[in-house]
1. Using the Cα atoms of the chain, I'd like the radius of gyration and the largest Cα-Cα distance, Dmax, both in angstrom.
2. With a cut-off of 8 Å between alpha carbons and a minimum separation of six or more residues, what is the relative contact order of the range 157-236 in percent?
3. For the chain, with the dipole built from +1 on Lys and Arg beta-carbon atoms and -1 on Asp and Glu ones, taken about the Cα centre, which of VAL509, VAL185, MET452 lies farthest toward the positive end?
4. So what's the Cα pair-distance distribution over the range 578-729, bin width 5 Å, in %?
5. For a quick check: sort TYR187, TYR134 by the number of other beta carbons within 10 angstrom, fewest at the front.
6. If you wrap a convex hull around the Cα atoms of the range 1-76, how much volume per residue is inside, in Å³?
7. Given the peptides 543-551, 441-449, arrange them by the average over their residues of other C-beta atoms within 10 Å, most packed first.
8. Straight-line reach from LYS128: which lysines have Cα under 28 Å away, leaving out those fewer than 8 places along the same chain?
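Here, each number is a calculation from the coordinates, and none is a lab measurement. These figures come from a predicted structure and were not determined experimentally. Here the Cβ is made from the backbone with ideal geometry for all residues, glycine too, and neighbour counts use every protein chain on show.
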Amino acid sequence: MRFDQPAGTNPIDRMKVVGQPIDRIDGPLKVCGVAPYAYERHDVVPNQAYGFILGSAIAKGRIRSFDLADAKSAPGVIAIVTHENAGKLGKPKAITANLMGGPEVEHFDQAIAIVVAETFEQARAAAKLIRVDYARAQGQFDLRAAIPSAKPVSDSSGEGSASPGRIEIGDFDAAFARAPVKVDVEYTTPDESHAMMEPQATIAAWDGDELTLWTSNQMINWAVRDVSQALLIPREKVRVISPYVGGGFGSKLWIRSDVVMAALGARAAKRPVKVALTRQQVFNNTTHRPATVQRLRIAANKDGRIVAIGHESTSGDLPGGGPETATSQTRLLYAGANRMVEMKLAVLDLPEANAMRAPGEAPGMMALEAAVDELAEELGMDPVEFRVLNDTQVDPEHPERRFSERNLIGCLRQGAERFGWAKRNPKPGQVRDGRWLVGMGVAAAFRNNLTMRSGARVAVDGRGIVTISTDMTDIGTGSYTVIAQTAAEMMGVPVSQVVVRLGDSTFPVSSGSGGQWGGNSATAGVYAACAKLRDQVAAKLGFNATDVEFADGQVRSGGRSVPLTDVGEMSAEDTLTYGDLGKKQQQSTFGAHFVEAGVDALTGEIRVRRMLAVCAAGRILNPKTARSQVIGAMTMGVGATLMEEAVVDTRFGCFINHDLAEYHVPVHADIPHQEVIFLDEADPQSSPMKAKGVGELGLCGVGAAVANAVYNACGVRVREYPITVEKII
Ligand code: MOS
């Protein structure tokens, strides 16, 4: 099914099941520990051996030689694979660093060997006995030092729309120079680690030349492609299975070394091999969100209207890598005739930089929305009113393109009302509650809405059960649940009669989970398959396909009613593809974040006290799972603002606080009551579901709202994230 005109009425619009706050159907499995993660699949194939990956001790250079003698004779060792005996390997186009290094080393902790042994402990112990003779080379690990060599780049990530490196509209420099009120500020954001619960892990099993991988992955079809490119084997010989994923946040959009090394280890050992990365390896062996240095120049007339807005961002990556697209929201969020954005990329020899939840907008909004707060203060304007005044209903770079739906103003207004914004004292440092200085902050939320082609198969079995099969993943987001709701609505059965099977490359190719496109796109694919099956059922029953209704387990048309069970076994498969509808109109998601923060007047300790997000993001398929997405994102935003920083050791080129004891993320005690409001919206341009993404929207802007609240509380404006105590006092 092709989607290239606004969706008219369809069965989803009944909203009997879709739109209901149904509990996650995988919830009990998750909390009881019976939803197996990749490493726990002890039962899927017998005789599993354990692999342990050895990472490079240098960040850049060459391996001169390995001494494997001690490791080979260590207890339990079955096989050791290095570049010397791995055979010819390819390089997946989508992945920057080689997943197995050697003889060249590209980054610290790059996988250079796998030891396969009877037990995990034996594999790990033997890996420590491998002696490596390195020729260490000079690397560049310091983003600041690399800035002079940074080059303008376009965004060519696998995440979505490409955008050129430097874009200018009007005459930014002249307008900025002339304007009476302006800010020119630099914000920095640090490197961040995904810190998902489940590390990358894989069980690899060969059957002749056929490879099966039980792994933890967001994008099954990309994984098949990349395994095929890495191991130089045909795609048809690769099966990827990932029904449950313990968090991804972008770290599992692409395969990592666990997949390739487990496959190589299994080939050498002639046995299935299981590998899990350690948390330390997650930090330095995989990917991270790269640090940014961002300069914001925003100028307004005295009436508060923006006349010039400029945003430059520099990040670093390995040779051939991509930038953190931190300027993208600045192209679309506010009006203003004179505009300039520029992204620059420096070559750094740190581990591979890549997507982490809301890549680009998450750190970009932390800078933009704090700078906007600074300009509103310069103007003596309320920051909510300033944002309302500078709203735009068209793409500022292409005024002929409207937003399909845009209710930023509604989010700001309703949020201000619900949060008690009127009580805010605009002068910082004025409000006290005992030892706490208390402040309020606001920020807009913005994230683009991407749609991805997505397929599914639907089957009815003559006994009332509807089964959906698709290679879509559920990374904790609720995919199982919203897919079941979609199928139930379309086929007229209760959710309890829908079986959802996900995460297997033998199923139709879906959108996968990424870029907050999964909920809308994957359900749209299920819609397409169900629409096809409905037509087939109608034809079989001799019903008119245009007036047939599926409800209450019945198929009805023209006064006749037939139980769905009477049609017997039938199935249909379809893929929803998108025409250029999304190119004619700009599709984005909007919100407003409100935060109350306390700063201890003596110690500088920061505590978030209240949080509210108001979101306008199309139809909400399930308010409970959507709310969970948003409060999870708000929590992640508190971490990014107040705690998270992967500290670079610029001598050795590694992240030195490489575990969750030293890389801090929020715990429950750090997070206060959170409220989420969804504005009533349906976007007929986005898909037949009329939904959009919310999974990343909740993260975009929340950090600036925290920072703005901290400033309002204590009067200290920290422009170097994270905002930690020593920067306050
Ligand atoms: Mo997200 S960073 O697209 O998983």
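1. 26.3, 82
2. Numbers: 27 pairs, mean separation 9.8, N = 80.
Computed value for the range 157-236: 12 percent relative contact order.
3. So the residue furthest toward the plus end is VAL509.
4. Pair shares across the bins are 2, 9, 17, 17, 15, 13, 10, 8, 6, 3, 1, 0.
5. Values: TYR187 24, TYR134 17.
Fewest-to-most Cβ neighbours within 10 Å comes out as TYR134, TYR187.
6. Numbers: hull volume 25.6 nm³, N = 76.
In the range 1-76, the Cα convex hull volume per residue is 337 Å³.
7. Numbers: 543-551: 15.0, 441-449: 29.2.
Listed from highest to lowest mean packing, they are 441-449, 543-551.
8. The qualifying lysines are LYS60, LYS72, LYS88, LYS91, LYS252, LYS270, LYS274.
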